[in-house]
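Starting off with a structure, shown below.
The values are calculated or read from the model by the stated rules, or taken from the named source; none is laboratory data. Not measured: the values here are computed from a predicted model. Here Cβ is always computed from backbone atoms with ideal geometry, including for glycine, and neighbour counts include all displayed protein chains.
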């Protein structure tokens with residue numbers, strides 16, 4: 001098998017080309033486990049999740065990257081006058097954890113995000129641990145497209161719901 005060279009944070013990581021692998025492959029890349037499922041490996045009902053605890057720093061970095069500087073997210077005094085009584089995370093920050101599931105766990109490496117619909121059901125606050133989950137709902141073998149139900153939870157409370165469509169490479173594509 002050939003080798004691919006990836007560069008991240010000035011460290012070189014080598015891993016085998018996964019095209020000819022018969023089974024799902026997992027890689028530990030930059031300290032984070034990543035999977036690669038080919039379209040042929042995908043099954044209806046298959047699910048993966050990850051959890052992240054939201055910090056003030058995450059919210060501030062997300063605001064800087066996105067340009068969404070709404071004081072509801074960044075200014076404790078302003079947020080105290082809102083219906084939430086404290087700073088809340090950007091809804092898109094919570095839904096970005098779904099992207100992390102799709103890009104790293106299910107199906108992982110090689111996935112191409114085609115669309116996402118989301119509804120924000122409840123606020124996420126600093127210190128909340130968000131569990132993002134994606135579950136395979138439908139497979140379109142003609143186009144290697146997968147539709148997934150997506151959700152984020154804080155404890156038992158659902159804070160985000162939606163659907164995603166992704167393209168998943170096959171072993172021969």
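For (1) farther than 25 Å from residue 158 by Cβ; (2) touching a helix residue (DSSP H, G or I) at 6+ places or on another chain (Cβ under 8 Å); (3) modelled with pLDDT of 95 or more, each residue gets a yes or a no:
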site: 4; (1), (2), (3): yes, no, no
site: 15; (1), (2), (3): yes, no, no
site: 19; (1), (2), (3): yes, no, no
site: 28; (1), (2), (3): yes, no, no
site: 53; (1), (2), (3): no, no, yes
site: 63; (1), (2), (3): no, yes, yes
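Further, regarding this structure: Go through segment 43-86 and give me each residue that's without any contact (Cβ under 8 Å) to a residue 12 or more places away in the chain and within 22 Å of residue 129 (Cβ to Cβ).
57, 61, 65, 76, 79, 85
Only one of these conditions is not met by residue 110: (1) surrounded by fewer than 19 Cβ atoms within 10 Å (Cβ to Cβ); (2) at pLDDT 95 or above; (3) over 21 Å from residue 127 (Cα atoms). Which number is it?
(2)
Just the residues that are surrounded by 14 or more Cβ atoms within 10 Å (Cβ to Cβ) and farther than 27 Å from residue 145 by Cβ, please, taken from segment 83-103.
Hits for segment 83-103 are 87, 88, 89, 90.
Please verify whether segment 102-112 includes one or more residues that are without any contact (Cβ under 8 Å) to a residue 40 or more places away in the chain, within 29 Å of residue 37 (Cβ to Cβ) and touching a helix residue (DSSP H, G or I) at 6+ places or on another chain (Cβ under 7 Å).
no
Could we say that residue 78 is farther than 20 Å from residue 164 by Cβ and either surrounded by fewer than 15 Cβ atoms within 10 Å (Cβ to Cβ) or at pLDDT below 95 (or both) here?
Answer is yes for this residue.
Just checking, does segment 130-144 include any residue being closer than 15 Å to residue 91 by Cα, at pLDDT 95 or above and in contact with a helix residue (DSSP H, G or I) (Cβ under 6 Å, 6 or more places away or on another chain)?
yes
Could you please let me know if residue 99 is closer than 19 Å to residue 156 by Cβ, at pLDDT 95 or above and within 13 Å of the chain's Cα centre (by Cα)? Show your work before the answer.
Numbers: closer than 19 Å to residue 156 by Cβ: no; at pLDDT 95 or above: yes; within 13 Å of the chain's Cα centre (by Cα): yes.
Criteria not met by residue 99.
Go through segment 87-107 and count every residue that is outside any helix (DSSP H, G or I) and within 17 Å of residue 120 (Cβ to Cβ).
To start, the set of residues in segment 87-107 that are outside any helix (DSSP H, G or I) comprises 87-90, 105-107.
Next, from what is left, pick out any that are within 17 Å of residue 120 (Cβ to Cβ): 87-90.
Residues that pass the stated criteria total 4.
Next question, about the same structure. Considering each of 110, 91 in turn, give the residue that is within 28 Å of residue 172 (Cα to Cα) and under 19 Å from the mean Cα position of the chain (by Cα).
Details: 91 fails: within 28 Å of residue 172 (Cα to Cα).
Selected residue: 110, the only one of 110, 91 that is within 28 Å of residue 172 (Cα to Cα) and under 19 Å from the mean Cα position of the chain (by Cα).
How many residues does segment 148-173 hold that are farther than 19 Å from residue 97 by Cβ and surrounded by 16 or more Cβ atoms within 10 Å (Cβ to Cβ)? Walk me through it before giving the result.
As a first pass, look at segment 148-173 and keep what is farther than 19 Å from residue 97 by Cβ: 167-173.
Within this subset, residues satisfying the condition of being surrounded by 16 or more Cβ atoms within 10 Å (Cβ to Cβ) are 167-169.
Residues flagged as farther than 19 Å from residue 97 by Cβ and surrounded by 16 or more Cβ atoms within 10 Å (Cβ to Cβ) within segment 148-173 amount to 3.
Among the residues of segment 114-150, write down those that are touching a strand residue (DSSP E or B) at 6+ places or on another chain (Cβ under 8 Å) and without any contact (Cβ under 8 Å) to a residue 40 or more places away in the chain.
Result: 122, 123, 140, 143, 145, 147, 149.
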